[in-house]
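Notes follow once the structure below has been shown.
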Amino acid sequence: MTSSDLQEQVDQFTSETETLLRACFDDVPDTEVETLAERVVTDLKVTLKIKGRALAQLHVFQRFRLDSTETFLAVEQSIFKLTAIIDRTPIVRYEYDRDARAKPSSHIHFHAHRGAISHLLSQAGHKSPHELASLHLPTGGARFRPCLEDFLEFLISDCRLGAKQGWEQEVKAGRERWRRLQVRSIVRDVPSEAIAALEGLGYTVQPPDEARQDSRKALHTW
């Protein structure tokens with residue numbers, strides 16, 4: 001697959017992301033796109049309002065490449081971040097790093113302070129016991145991590161940030177697209193379980209002569 005094929009897939013993904021965000025919020029700008037060798041980086045910042053007042057910023061950053069088969073689009077890194085506008089203080093970050101080694105590939109940073117957990121971390125010898133944002137709360141790895149739609153619904157439903165009428169329909173549609181893509185990826189990662197599940201439903205599955213083996217990386221990566 002060529003770099004133009006990668007760009008085409010990124011353009012499609014970016015278009016779906018912009019459609020989703022514009023169904024939720026007003027004044028969503030175009031995504032900034034940068035091509036770096038065999039990767040494409042996209043960056044989008046949206047001002048969020050409560051009762052018409054701009055109070056927060058949603059930052060959606062993603063870096064793409066082709067997967068190991070050089071066929072399918074893969075997210076190498078993503079950051080969904082909410083920041084307070086008044087003092088530029090980060091509030092919460094959903095992060096994914098495909099090649100993470102010393103931390104969960106998918107995790108949440110929550111910027112807050114809490115006496116009990118700080119005391120526990122201090123007693124354990126943690127290097128930043130008073131900064132909860134230094135913790136990486138795991139969220140299911142590459143295949144089971146939250147999607148952007150999950151983060152948007154959290155901002156709108158739980159945090160009560162202003163949104164446009166009809167946002168729910170677009171969020172649900174986007175979440176369904178995401179989860180269907182993830183199901184396909186999981187099947188490619190662990191075909192033996194897919195075969196077992198289908199046969200349990202009464203399907204007959206005939207593997208090819210050179211059947212694909214289960215990915216230990218997919219099953220073991222934090």
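The values are calculated or read from the model by the stated rules, or taken from the named source; none is laboratory data. None of the values given here were measured: they were computed from a predicted structure. Quick reminder, even Gly has a Cβ in these numbers, built from the backbone with ideal geometry, and neighbours come from all protein chains shown. Quick note on the areas: whole protein, heavy atoms, side chains included, nothing else; ligands and nucleic acids left out. Shrake-Rupley method; radii C 1.70, N 1.55, O 1.52, S 1.80 Å.
One table, with the values for the structure above:
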| read-out | value |
| --- | --- |
| Whole-Hz couplings from phi, Karplus 6.51/-1.76/1.60, listed for region 56-71; x for Gly and Pro | 8, 10, 9, 10, 10, 10, 9, 10, 10, 8, 7, 6, 4, 8, 6, 10 |
| Using alpha-carbon coordinates, inclination of helix 3-24 to the longest axis of the chain, degrees | 50 |
| Listed residue pairs exceeding 31 Å between alpha carbons, taken from K51/K127; K51/K103; K49/K103; K127/K217 | K51/K127; K51/K103; K49/K103 |
| Selected from Q62, Q123, Q182 as most flexible by GNM, with the chain as the system and alpha-carbon contacts under 10 Å | Q123 |
| Inter-part distance where region 56-90 and region 101-156 are each reduced to a Cα centre, Å | 16 |
| Y96 - accessible surface, heavy atoms, 1.4 Å probe, Å² rounded to 10 | 10 |
| Ordering of 42-48, 85-91, 52-58 by burial proxy (mean other Cβ atoms within 10 Å per residue, highest first) | 42-48, 52-58, 85-91 |
| Relative contact order computed over the chain (Cα-Cα under 8 Å; 6+ residues apart), in percent | 15 |
| Residue with peak Gaussian network fluctuation, the chain [Cα springs, cutoff 10 Å], from A112, A133, A37 | A37 |
| Sites F154 and Q213, calculated FRET efficiency, Cβ-Cβ separation with R0 41 Å, nearest 0.05 | 0.65 |
| Stokes-Einstein D for region 93-222, Kirkwood Rh over Cα pairs, 25 °C, 0.890 mPa s (µm²/s) | 137 |
| Region 72-112 - convex hull of alpha carbons, volume per residue in Å³ | 75 |
| Most mobile listed residue (S78, S68, S15) in the chain, GNM with C-alpha springs under 10 Å | S68 |
| Estimated FRET transfer efficiency (L201, A173; beta-carbon r; R0 22 Å; 0.05) | 0.30 |
| Amide H within-cut-off set for T139, under 5 Å, with H built and near neighbours excluded | S106, H107 |
| Around K51: net Lys/Arg minus Asp/Glu count, Cβ-Cβ under 14 Å | +2 |
| Principal-axis tilt of helix 167-189 within the chain, Cα atoms, nearest 10 degrees | 40 |
| Heavy atoms of H220 accessible to a 1.4 Å probe, total area in Å² rounded to 10 | 130 |
| Quotient of C-alpha Rg and 2.2 N^0.38 Å, computed over the chain | 1.15 |
| Label-point separation, Q165 to D67 (7 Å along Cα→Cβ), nm | 4.1 |
| Test item: Cα-centred dipole of the chain, Lys/Arg +1 and Asp/Glu -1 on Cβ, debye | 980 |
